[in-house]
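Novice: I have a structure I would like to understand better, so I am pasting it below and will then ask my questions one at a time.
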Amino acid sequence: MYDSGITVSFYRLRRLAGTMIVRQFISWIRTAPAGERAEATRALARAWLISDLSADDRAAAEGALLMQLDDASPLVRQAMAEVFARSTEAPAAIVQALSLDQPSVALPVLEFSPLLIDADLVDIIATGNCEMQCAIARRNNLPASVCAAIAEVGTAAAALELIENAYAELAPFSWDRIVERHGHLAAIRESMLVLEDLPAATRVALVAKLSDTLAQFAVARNWLSADRAARVASEARERSTVNIAAGSNGDDVRGLVRHLRASGQLTAGLILRALLSGNQELFNAALAELADLPPARVAALLHDRGGASLQALLIRAGLPESTFAAFRVALEVSHETGFVDTVGGAARLRRRMVERVLTHCATDRKAAEPLLILLRRFATESAREEARMFCDELMAEEAIAPHDLIAA
């Protein structure tokens, strides 16, 4: 309330925001307390939005609101920000000024205002603090360009808000940039890994970050030597890569293979692991990428039982000659056994395949020692996997047995 000869409720400004009222408003706010100025400004802003004002009255009200942008109290500007934050009809100049104000004023405008364009948001991300970046990251229908800016320069907290925003349009390179900058943080990894549509390449990059973090931790605690920790981390990454690829297909697998090649992870060992794990799609995609051939052409060459086509393909892909026999024997076993439709059957197939390849390479003078070491590790892994499957099957049968007895 204020009194300048006539007592007028500020909430009546919704209907009475004429030039005379605005003049009285301007005169009164010069001496009014901050809290009352804020409430009066809130009422005038609402009146500007919802009252049927003449052009002159609207111009006068807007002028008074523009003047309030210079008010010494942030409460006044906060009041305007709260009223105008979600409106498409708010004065653009005022919204722009509020978006550049201190965080307590700018946050609702940054999070909700439809009047801010992408360029405005990108600039604020580059110059604003963490709170402001987080507010932008929570916006609905956040375009790829703004997401890219947050991924590139945003804080970890802003990246986390972006990950959890179901309405954000993140391009694959933005996901990768978030992993590169913040993937060492558990909260970032956990939020990303639960996303069902996360690209396989990004998922693998996250696993690599986790492996490296754990390896560094183990070395720092003197639990493992640096060399052993690096080897354990590398093997864990490869196992995870094959598992992730098993749940992907088509373009996602091809994107994963491109990522692996660019990051130096598309090695002969990984490709052999993919084949020995029964992941034919990853194996084919890796050879297609390295040999620069269409996937259909690679599939045709792999189904040629003659052997010459496979060798030509492996040479073109740049794989070491010492691995050729291992690939050939693994493909022979795969062709002999065909499709296996149970998890336990697949585990047993993988073990037989690895053991056949290991037996052959152990008597092959061309097989290099590193390959034999790798195959022995694969054999141990497959044996342990089959043992776990066997124990799980036994426990499942034991759980079913009492019900069978009761039924009988």
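Novice: If I go through segment 279-321 residue by residue, how many of them are part of a loop (DSSP other than H, G, I, E, B), small (G, A, S) and either at pLDDT 90 or above or open to solvent by 60 Å² or more (accessible area, probe 1.4 Å) (or both)?
Specialist: Of segment 279-321, the ones part of a loop (DSSP other than H, G, I, E, B) are 279, 292-294, 303-307, 317-320.
Those still in the list that are small (G, A, S) too: 306-307, 317-318.
Then drop every residue that is not either at pLDDT 90 or above or open to solvent by 60 Å² or more (accessible area, probe 1.4 Å) (or both), which leaves 306, 317-318.
Total meeting the criteria: 3.
Novice: Still on this structure, I have one more. Checking I21 against (1) modelled with pLDDT of 75 or more; (2) crowded, with 18+ Cβ neighbours inside 10 Å: exactly one of these is not met. Which one?
Specialist: Answer for I21: the failing condition is (1).
Novice: Let me ask something else. State the number of residues belonging to segment 187-239 that are part of a loop (DSSP other than H, G, I, E, B) and either of a type in the set (D, E, K, R) or open to solvent by 70 Å² or more (accessible area, probe 1.4 Å) (or both). Can you show your working first?
Specialist: Just the residues of segment 187-239 that are part of a loop (DSSP other than H, G, I, E, B), to begin with: 194-199, 221-225.
Remaining after also requiring either of a type in the set (D, E, K, R) or open to solvent by 70 Å² or more (accessible area, probe 1.4 Å) (or both): 194, 196-197, 221-223.
Here the count works out to 6.
Novice: Filter segment 164-185 down to residues that are open to solvent by 10 Å² or more (accessible area, probe 1.4 Å) and farther than 21 Å from L214 by Cα, then give me how many there are. Spell out how you get there, then give the answer.
Specialist: At the first step, the residues of segment 164-185 found to be open to solvent by 10 Å² or more (accessible area, probe 1.4 Å) are 164-173, 175-177, 180-182, 184-185.
Okay, now just the ones that are also farther than 21 Å from L214 by Cα, so 164-173, 175.
Residues that pass the stated criteria total 11.
Novice: So which residues in segment 126-142 are surrounded by 15 or more Cβ atoms within 10 Å (Cβ to Cβ) and more than 14 Å from L107 (Cβ to Cβ), if there are any at all?
Specialist: Scanning segment 126-142 gives a single hit, L142.
Novice: Do you know which residues across segment 143-155 are assigned to a helix (DSSP H, G or I), open to solvent by 20 Å² or more (accessible area, probe 1.4 Å) and either on the phi > 0 side of the Ramachandran plot or in contact with an Asp or Glu (Cβ under 7 Å, 6 or more places away or on another chain) (or both)?
Specialist: Going residue by residue through segment 143-155, those that are assigned to a helix (DSSP H, G or I) are 144-153.
Keeping just the survivors that are open to solvent by 20 Å² or more (accessible area, probe 1.4 Å) gives 144-145, 148, 152-153.
Passing the criteria: A144, S145.
Novice: Another question, if that's okay. Somewhere in segment 152-173, is a residue touching a strand residue (DSSP E or B) at 6+ places or on another chain (Cβ under 7 Å) and either of a type in the set (S, T, Y) or under 23 Å from S240 (Cβ atoms) (or both)? Quick ask: steps written out before the conclusion?
Specialist: Restricting attention to segment 152-173, the residues satisfying the condition of being touching a strand residue (DSSP E or B) at 6+ places or on another chain (Cβ under 7 Å) are 162, 165, 167-169.
Imposing the further condition that a residue be either of a type in the set (S, T, Y) or under 23 Å from S240 (Cβ atoms) (or both) reduces the set to 167.
Checked segment 152-173: at least one residue is touching a strand residue (DSSP E or B) at 6+ places or on another chain (Cβ under 7 Å) and either of a type in the set (S, T, Y) or under 23 Å from S240 (Cβ atoms) (or both).
The values are calculated or read from the model by the stated rules, or taken from the named source; none is laboratory data. On a predicted model such as this, the values are computed, not experimentally measured, just so you know. Here Cβ is always computed from backbone atoms with ideal geometry, including for glycine, and neighbour counts include all displayed protein chains. Side chains are part of the model used for accessible areas, which takes the heavy atoms of the whole protein and leaves out ligands, DNA and RNA. Shrake-Rupley method; radii C 1.70, N 1.55, O 1.52, S 1.80 Å.
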